[in-house]
1. Pop a pseudo-label 7 angstrom from the Cα along the beta-carbon direction at both residue 432 and residue 505 and give the gap in nm to one decimal.
2. For residue 331, list long-range residues whose amide hydrogen, built 1.01 Å from N in the peptide plane, is under 5 Å from its own amide hydrogen.
3. How big is region 544-614 by Rg and Dmax over its Cα atoms, in Å?
4. Would region 161-205 count as rounded, prolate or oblate if I go by the C-alpha gyration tensor, calling it rounded below 1.5 in a/c and otherwise prolate when a/b exceeds b/c, oblate otherwise?
5. Sort 143, 68 so that the residue with the fewest other Cβ atoms within 10 Å of its own Cβ comes first and the one with the most comes last.
6. Among residues other than residue 305 whose Cβ falls under 10 Å from its Cβ, what is the net charge (Lys/Arg +1, Asp/Glu -1)?
7. Please give the net charge around residue 404, taking every other residue with its beta carbon less than 13 angstrom from that of residue 404, where Lys and Arg add +1 and Asp and Glu add -1.
8. Around residue 593, which amide H atoms from residues at least 5 apart in sequence, or from another chain, sit under 5 Å from its own amide H, with H modelled in the peptide plane?
Amino acid sequence: MISTVLVANRGEIACRIFRTCQESGVRTVAVHSDADENALHTRVADAAVRLPGTAPSDTYLRGDLIVKAALAAGADAVHPGYGFLSENADFARAVTDAGLTWIGPPPEAIAAMASKTRAKELMGLAPLDRDAVTEADLPVLVKAAAGGGGRGMRVVRRLADLDAALTAARAEAASAFGDGEVFVEPYVENGRHVEVQVLADTHGTVWTLGTRDCSLQRRHQKVIEEAPAPGLTEELTEELHTLAVRAARAVDYVGAGTVEFLVADGRAHFLEMNTRLQVEHPVTEAVYGIDLVALQLRIAEGHALEPDPPPARGHAVEARLYAEDPAQDWAPQTGRLHRLAVPDGIRLDTGCTDGDDIGVHYDPMLAKAVAHAPTRAEAVRRLAGALERAAIHGPVTNRDLLVRSLRHEEFASARMDTGFYDRHLAALTAPAPDPLAPLAAALADAHGRSRFGGWRNVPSQPQVKRYALAGEEHEVRYHHTRDGLAADGVRVVHADARLVVLEADGVRRRYEIARYGDRVHVNTTVLTALPRFPAPTARHAPGSLLAPMPGTVVRVAEGLTEGAAVRAGQPLLWLEAMKMEHEITAPVTGTLSALDAEPGRQVEVGALLAVVDGDAG
């Protein structure tokens with residue numbers, strides 16, 4: 001029997017595994033980098049071991065240090081979670097060689113499927129030969145052979161861009177997974193991403209736990225997932241299950257795994273097998289009424305599965321809440337997470353809690369919100385409504401995008417595919433602020449002063465406050481009167497520091513207010529309070545490239561030096577923030593007059609990276 005589990009991971013997945021372990025009476029051990037010293041997963045575990053350093057290559061990717069941590073803490077088993085070393089066969093062997101129980105598939109199965117090229121060969125497929133790729137093969141997808149999460153992946157539509165895409169993908173894959181191997185395969189345009197959850201024991205039983213649709217993706221990373229995948233025929237579903245079992249049996253698989261496909265024109269195209277627990281596993285748990293982590297523990301202890309899985313019930317939808325700005329090329333966001341709360345009835349898996357600081361070192365996912373209901377329409381509506389009412393105070397997030405995506409007609413009718421955001425992102429991120437939000441913020445702020453003599457028995461000028469909202473400045477005016485606060489065009493029903501109730505055109509609405517410095521949250525609208533007399537702002541030369549987020553310069557374009565001629569849109573350098581690479585391109589055609597970036601440099605938002613002087617005329 002397993003008594004103590006070390007989770008070789010961090011954040012949300014570590015917390016989720018700890019929850020099941022503790023419910024099962026199993027002691028828990030966390031590992032943490034210096035950046036994660038006070039992270040939630042280190043606080044909820046029974047014990048924690050420091051991995052000195054911050055970069056994943058020094059911490060969460062150091063299998064030797066993690067094995068030593070498990071032995072030092074008295075753990076007798078290791079769960080890898082997802083990402084990092086979860087699909088690393090050498091790490092799995094190191095765990096078992098140390099006499100510990102590995103809560104995952106055999107190292108041989110991981111090795112067979114961890115390389116997507118070898119996995120395709122097992123399924124009777126083969127990647128494209130780079131030297132044989134022609135214009136007729138386009139578009140193609142450059143893909144990391146190891147790992148997942150969309151890292152090390154590039155879509156190539158012009159043959160001239162292929163070599164650059166290979167170079168960039170190799171660099172990103174090496175940084176994320178410690179393995180820079182990539183390959184090329186045909187890119188299926190506008191297919192649906194459908195996967196099958198499998199679970200296998202050591203006694204020869206393999207379960208298929210239905211399907212999941214994960215088609216809504218940004219940068220090849222999933223955003224919204226659901227189970228079961230809607231709109232599949234019985235024949236196609238059966239084919240997917242058969243292929244998934246074939247993949248599992250081909251490598252004598254044990255434990256939880258996922259077989260992924262692209263579905264287009266009624267055909268299934270095998271992508272890969274992920275030899276680990278998936279981020280989106282909660283939707284399968286909700287539909288089947290099971291705990292996949294608890295079953296992983298039982299399988300690792302040698303217990304047999306029942307001959308057949310439990311029946312599926314209803315529909316589940318999951319949305320990933322990211323600290324990012326979808327309207328600004330999905331730029332990751334940092335800062336203090338003051339509050340994160342969703343209404344009752346929604347499952348929230350998170351590695352954050354109120355007061356945590358969101359940094360630049362790791363993935364920007366804050367939480368996963370999951371709704372389960374008898375039908376798909378009910379589950380989608382329930383999740384959209386819960387996210388809309390959730391209190392999320394802190395960095396900019398993709399919450400509004402999630403709500404609008406769930407309510408989009410294309411998603412509601414299950415006609416979405418992997419090109420959903422390519423078609424609809426602009427409309428889904430168009431500002432739609434509540435016009436009364438600035439007034440509500442001003443009235444809440446004025447509440448204290450109105451209690452201490454703000455009213456005068458003579459006519460006076462209105463009070464004025466200014467806020468930045470959706471990139472525009474908004475000025476609001478209100479009055480202190482004998483009866484309290486008042487504003488033109490609306491009736492102030494109630495106003496205090498936390499709640500304002502306004503009535504306009506006969507409709508009464510409530511506004512919950514929270515203020516943190518100059519940031520004001522009014523329901524789901526976020527404002528920035530502006531000073532009465534703005535301070536002068538720093539000026540930069542035309543053509544200046546400023547860091548759009550805090551991060552690290554990972555590389556500069558080969559041969560790029562000051563004085564070089566560059567063209568508009570040409571990649572100049574790459575920033576890494578929250579395990580994502582961000583390409584910085586020339587804003588105009590001209591000459592690179594300054595280059596203040598070099599690999600390894602840490603930069604803050606607004607730091608000057610380069611200057612391009614545009615060609616005259």
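The numbers here are math on the coordinates, done by the rules we state, and not lab data. These numbers were taken from a predicted model, which means no experiment stands behind them. Every residue, glycine as well, gets a Cβ built from its backbone with ideal geometry; the counts of neighbours run over all protein chains shown.
1. In this crude spin-label approximation the distance works out to 1.5 nm.
2. It is 325, by chain and number.
3. Using the Cα atoms of region 544-614, the pair Rg, Dmax is 11.1, 32 Å.
4. Taking the square roots of the gyration eigenvalues as a ≥ b ≥ c, region 161-205 is oblate.
5. Placing the least packed residue first, the sequence is 68, 143.
6. -2
7. Here the charged neighbours net out to -2.
8. Amide H neighbours of residue 593, under 5 Å, 5+ apart: 563, 611, 612, 613.
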